[in-house]
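Where a number appears in this text, it was derived from the coordinates with a stated rule and is not lab data. Please read all numbers here as calculations on a predicted model, not as lab measurements. Glycine also receives a Cβ, built like all others from the backbone with ideal geometry; neighbour counts cover every protein chain displayed.
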Amino acid sequence: MKISREDVVRVAELAYLDLSADELENYRKQIDEILEYIGKLDELDTSNVEPMAQVLTDDQTADATLREDVEVPCGLAGEILKQAPDPEPPYFRVPKVIER
Amino acid sequence: MTANWTIDGVREALAARKVSARELVGEFYRRITARNPELNAYLALSPERAYAQADKVDALVATGRPLPPLAGAPIAIKDVISTRGITTTCGSRILQNYVPPYDATAVERLEAAGAVMLGKTNCDEFAMGSSNENSAYGPVKNPAAPDRVPGGSSGGSAAVVAAGLAVASLGTDTGGSIRQPGALCGIAAMMGSYGRVSRYGLIAFASSLDRIGPLATNVRDIATMMQVIAGRDTNDATSTTAPVPDYRAEIDKPIKGLRIGIPKEYFGVGMDEGVRKKIAAGIEIYKKLGCTLIDIRMPHTDYAIATYYIIATAEASSNLARYDGVRYGMRAEGDSLLSMYRKTRGSGFGPEVKRRIVLGTYVLSAGYYDAYYLKGQKVRSLIAQDFREAFTKVDAILTPTSPVPAFRLGERTADPLQMYLADIYTVTGSLAGVPGISVPCGKIDGKLPVGLQIFGPTFGEARVLQLAHAFEQADGASV
């Protein structure tokens, strides 16, 4: 077994996901199977391989210089707040933060 | 009124005053009313915007001036792509009524070229899936066989083109999500190289893998769409500064003498016999067209799915952290901020999304990062190297797009890993950053479409399009 129920509980906490007992067990089983499959990567010796942190090289993406840090107006605040579940312009209102 | 419109056909008909852009929009909305209830391919329609754009195009036609490349073309946009004023749900409850305040760059460019946006298409939730069965808004049916899946995650975008409910569409591809539904629905579908098309406005799933790309009934339309949407965007730092060639001119160039690699690893077990036969027939077409077929090895192919599901889920767990009920989307009430986060995300996300967030968080977590995420990044380098080495010997790589034709709804939903394995031929190119296209390559028993995939080197979209176009012109779709 690669992943325990406790592992799933801990990860769900990190990811702020409320999971039911059924979900916990189902995901545990399914992720266990997936991690088993993923284990095949251990067949490869990657001790001398660099991780592929970027897809494109610098010369394929970067302009020659950084852009100037110029402020431009963004008039979308009103439209953005309209999307909020509980707006009180100019704020997003949320439930009280309670000490854990 | 023609049944089968193409982008060029629309523009020519408008210029010849055979039809108006407004009439065309009306025709497509009639078709959508008739067929969408069965297919469930569109999630939202945008008639106000469509008719306003159509009127602009009609006014331009009236001036007699030359029309832009997509003038009047009725287009559909996958619902993970931001469209100002039009709901963008990502196929999820958590963004049920989300209306973006801006357009994605790709959408802006299409409209600037005259395209008419009809609406937003259904997709797997947050682009996670290979069958469009993970949508919170119900599955999409394959127009070729309505008891079967259209593929995913861009199932809606593929279905609308296949069913004549749009002339072309935009989809997104992270591990195969443009190419595979294109194959299963029997249409042309392309992803350019990573960085070829701006991701600005694409609601992120996996930032090092996501790409926006076109689906259409023919390769020329794909080339036209790519022409319009490709190119540097200062709003996307990962978009390339490499210039955009004239794809429409490039696709007619001859392909005789081009070397096509056939990688042994893509033709082993796991491929449906019907698919195998059609791809073999497709290979014969390239031989007849004068290409040289060369056997090649891509030794890390079998590790691609494992690599993909580490990297993509890790990136997804980060990208989906923003859905917390604070600024947009759904909110589930909680008695504290953290409780609100947990309940919102627990109830707003569907099972596949939650599963991937859990897996992605796990592979990034302390104690497991090296064994999984770092390892995955290293194997990704090896997979990319397989492609670089192959392209020192060949000009393009030919593979099946999907190991199986469209499967029945519900057939693969019980076992997530089974569903993931549907991506075995597509994820490799996603990881390597190279461009890929799927073109129709026959139908099994005259019914189930098969797709043939061509990979090119990074920024080799022109070559990929040439090869696809020649295949289509040689009637490859009828093998």
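By counting other Cβ atoms within 10 Å of each Cβ, how are B:185, B:90 ranked from fewest to most?
Going from least to most buried by this count: B:90, B:185.
So for each of B:191-198, A:23-30, B:228-235 I average, over its residues, the number of other beta carbons within 10 Å; can you give me the resulting order with the highest mean first?
The packing order, highest mean first, is B:191-198, B:228-235, A:23-30.
Residues with amide H under 5 Å of residue B:116's amide H, sequence separation 5 or more or different chain, H placed in the peptide plane at 1.01 Å from N; which?
Sorted by chain and number, the residues that satisfy this are B:72, B:73, B:75.
For the charge dipole of chain B, defined by +1 on Lys and Arg C-beta atoms and -1 on Asp and Glu C-beta atoms about the Cα centroid, which residue among B:306, B:119, B:281 has the Cα displaced farthest towards the positive pole?
Farthest towards the positive end: B:281.
Ordered by residue, what ³J(HN,Hα) values in Hz, to whole numbers, does region B:213-225 give under the Karplus form 6.51 cos²θ - 1.76 cosθ + 1.60, where θ = phi - 60° and Gly and Pro are x?
Those phi angles translate into x, x, 10, 7, 7, 8, 6, 4, 5, 4, 4, 5, 4 Hz.
Please go through region A:26-99 and write out the GluC sites (Glu not before Pro) that DSSP classes as loop and that have at most 12 other C-beta atoms within 10 Å.
Qualifying residues, ordered by number: A:68, A:71, A:99.
Taking region B:62-136, which chymotrypsin sites (Phe, Trp or Tyr not before Pro) meet the DSSP loop condition and have no more than 13 other C-beta atoms within 10 Å?
Here no chymotrypsin sites (Phe, Trp or Tyr not before Pro) fit, given the DSSP loop and packing criteria.
Give, rounded to the nearest 20 debye, the magnitude of the charge dipole that region A:1-44 has about its Cα centre when Lys and Arg contribute +1 at Cβ and Asp and Glu contribute -1 at Cβ.
Its charge dipole is roughly 60 debye.
Taking the Cα centre as origin and putting +1 on Lys and Arg beta-carbons and -1 on Asp and Glu beta-carbons, what dipole magnitude results for region B:131-199, to the nearest 20 debye?
160
For region B:7-250, calculate the relative contact order in percent as a whole number, restricting contacts to Cα pairs under 8 Å that are 6 or more residues apart.
18
Can you give me the C-alpha center-to-center distance between region B:272-297 and region A:23-56, rounded to a whole angstrom?
Between the Cα centre of region B:272-297 and that of region A:23-56, the gap is 33 Å.
May I ask you to evaluate 6.51 cos²θ - 1.76 cosθ + 1.60, the Karplus curve with θ = phi - 60°, for each residue of region B:184-201 and list the ³J(HN,Hα) values in order in whole Hz, giving x for glycine and proline?
With the stated coefficients, region B:184-201 comes to 5, 9, x, 10, 8, 7, 9, 10, x, 4, 4, x, 6, 10, 4, 8, 5, x Hz.
Using the C-alpha atoms of region B:7-250, what convex hull volume per residue, in cubic angstrom, is computed?
110
Across the residues of B:392-401, average count of Cβ atoms on other protein chains within 10 Å?
0
Counting alpha carbon pairs within less than 8 Å and at least 6 residues apart, what relative contact order, in whole percent, applies to chain B?
Worked out over chain B, it gives 17 percent.
In region B:7-250, with Lys and Arg counted as +1 and Asp and Glu as -1 at Cβ, which of these residues, B:244, B:193, B:94, has the Cα nearest the positive end of the dipole, that is, farthest along it?
Of the listed residues, the answer is B:244.
Starting from the Cα of residue A:6, step 7 Å along the direction of its Cβ; do the same at residue A:29; then give the gap between the two resulting points in nm.
2.3
Starting with the highest mean, order B:203-216, B:67-80 by the number of other Cβ atoms within 10 Å, averaged over the residues of each peptide.
B:67-80, B:203-216
What is the set of long-range amide H partners of residue B:260 at a cut-off below 5 Å, with H atoms built 1.01 Å from backbone N?
Excluding prolines and chain starts, which carry no amide H, the hits are B:292, B:293, B:294, B:395.
In the protein assembly as shown, what is the volume of the convex hull around the alpha carbon atoms, normalised per residue and reported in Å³?
160
From the phi angles alone, apply the Karplus equation (6.51, -1.76, 1.60; θ = phi - 60°) to region B:138-152 and give each ³J(HN,Hα) in whole Hz, x where the residue is Gly or Pro.
x, x, 9, 9, 6, x, 6, 6, x, 8, 10, 6, x, x, x
So how do B:238-245, B:424-431 stack up, highest first, on mean other-Cβ count within 10 Å?
B:424-431, B:238-245
If one computes P(r) from the Cα atoms of chain B, what percent of pairs lie at distances over 32 Å?
34
Do any chymotrypsin sites (Phe, Trp or Tyr not before Pro) in region B:364-412 lie in a loop, going by DSSP, with at most 14 other beta-carbon atoms within 10 Å of their beta carbon, and if so which?
Taking region B:364-412 and a limit of 14 other Cβ atoms within 10 Å, the loop chymotrypsin sites (Phe, Trp or Tyr not before Pro) found are B:369.
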